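Presented below is the structure to which this report refers.
The values are calculated or read from the model by the stated rules, or taken from the named source; none is laboratory data. What you see is a predicted model, and the numbers here were worked out from it, not measured in a lab. Glycine gets a Cβ as well: all are built from the backbone with ideal geometry, and neighbour counts include every protein chain shown. Protein only, heavy atoms only, side chains kept; ligands, DNA and RNA dropped before computing areas. Shrake-Rupley method; radii C 1.70, N 1.55, O 1.52, S 1.80 Å.
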Amino acid sequence: MSASTAAVGEESKNIWMGGVSPMNVSYGKLMMWFFLLSDAFTFSALLVAYGTIRFTYMAYEGTADAFAFSQEYWPIPEKVFEAAPFLHGVNLPLVFVGIMTFILIMSSVTMVLAVEAGQRMDKKAVEKWMLWTLLGGIAFLSCQAWEWTHFIVGTDDGSTLTNGTTLFGASLIVNQYGPPAFADFFFFITGFHGFHVFSGVMFNFLIFYWAVVGKFERVGHYEMVEKVGLYWHFVDLVWVFVFTFFYMV
Amino acid sequence: MDSNIEEQSSTIKVLPPNKEKIRRLWTIAGILGVITCVEFAIAFLWPDGALKIALFVGLTIVKAFYIVSEFMHLGHEVKVMIWSILLPLIFVIWLILALLIQGDSIFLLKY
C-alpha cells in the first residue's frame, strides 16, 4: 500500500492497467465478496417475495391477546413462534429465536478472533477459535432442527377450520398457522439460510482441519481463514435480516 | 527452493495478541447484542404501526453495518472496493419498491 501511494502521479492513472491490485485485496477474497453479493441478491429476492405475498393477504386487525390462527389472514409471528424446548406449554414469544440469534452472533465473534489469530500466525489460537465457531454453528443448526420439528408437528390444539376439521402443524400444502404461503416461506427462507449455515459448518471444519495439520504454516499465511470467515459472517448477516423481517415485523 | 520453504516453516514467528483490536471486536459484539435486546423490547412494548417497522428496519441496518464494516472488514478496505460491493445493492431497493407495490395491487384486486 505504501509503495503504491508513494508512486502518485503518472502511475496512479494506470492503476487499472495491471501490475498493481487496485482494490488492494487478493483475488480469492474479491471473488468471495462478489459471490456473497450474488448470494445477497438471492436472499433479498426471497425476503422481498415474502413481503409481496404477505401484502396480498389480509392483515390481522385485532389485539395480540385475542389472536387466533386463521386461513383468512397472515399470522403475527410472535403467536406462531412462542415455544422453546423443555418448556412445553409455556408461552415464550420469540425467546427461542432470540437465543438462536445470540448463538450466531457469538460464533461470528469467535470467527473474527480466529482470523485475528491467523494474521499473527498463532496456530493454537486459530484451532481454539475455530472449534468455538464450529460449536456455535452446530448449536444453531440443532436449534433450527428443533424449531422445524415444532413447526411441522404443530401445537396441542391445532387450528379448527370453518368446516369443522382441525389442522395440526404445517406442510407445503396446508398449515395451521395461516395461509399456505406462510409455511412455504418459512420452509424456504429459514431452510435456505439453514443450508448456508450447514455448508458454513463444513467449510469451518475444513479450515479447522487444515490448521491442525499445519497446512497454513506450510503455505505461509492464514488467508483461507479470512475467506471462509467472510462467508460465515455473511450467514450471520442474513440471519439478522431474517430475524427482523420474518420474526419481528 | 523446497528446502527454503522448510526453513521458513520451522522459524514461524507467532506475534502476541492485538489486545486493542480484540477489545474492539468484543465491544462490537456487545453492541450487536444490545441492539437485538432493544429490538426484542420494541416488539412487545411499542404500539404497532409504521414507526415500529421503521425502527426495526433502522436497527437492522445498524447491525448490518457493524457486521459488514467491522467483522467482514469492508469498512477498512479501499474506497473502490467498498463501492463495488455497496452500489449494486441499489437493485435491491428497486426490487423492494417494485414488488411491494405489486403486492399491494394484487391485494386490491383480490378484495
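Data for the structure
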| item | result |
| --- | --- |
| The lone exception for B:Thr27 - which of (1) within 18 Å of A:Val115 (Cβ to Cβ); (2) facing chain A (nearest Cβ under 7 Å); (3) part of a helix (DSSP H, G or I) it fails | (2) |
| Residue within the stretch B:70-80 that is surrounded by 12 or more Cβ atoms within 10 Å (Cβ to Cβ), facing chain A (nearest Cβ under 10 Å) and touching a His at 6+ places or on another chain (Cβ under 6 Å) present | yes |
| Among the residues listed as A:Leu206, A:Leu172, A:Leu134, the single one being in contact (Cβ under 8 Å) with a residue 60 or more places away in the chain and either part of a helix (DSSP H, G or I) or not aromatic (Phe, Trp, Tyr) (or both) | A:Leu134 |
| Residue list for the stretch A:116-144, restricted to those being at the interface with another protein chain (Cβ under 8 Å from one of its Cβ atoms) and either of a type in the set (A, V, I, L, M) or buried (at least 18 other Cβ atoms within 10 Å of the Cβ) (or both) | A:Glu116, A:Ala117, A:Met121, A:Asp122, A:Ala125 |
| Total residues in the stretch A:13-41, condition in a helix (DSSP H, G or I) and open to solvent by less than 60 Å² (accessible area, probe 1.4 Å) | 10 |
| Matching residues, the stretch A:191-227, being farther than 30 Å from A:Phe151 by Cα and either small (Gly, Ala, Ser) or within 20 Å of the chain's Cα centre (by Cα) (or both) | A:Leu206, A:Ile207, A:Ala211, A:Gly214, A:Gly220, A:Val225, A:Glu226, A:Lys227 |
| Residue within the stretch A:98-110 that is over 23 Å from A:Phe198 (Cα atoms) and open to solvent by 50 Å² or more (accessible area, probe 1.4 Å) present | no |
| Condition check for A:Phe185: under 30 Å from B:Pro47 (Cβ atoms), open to solvent by 10 Å² or more (accessible area, probe 1.4 Å) and either away from chain B (no Cβ under 14 Å) or assigned to a helix (DSSP H, G or I) (or both) | yes |
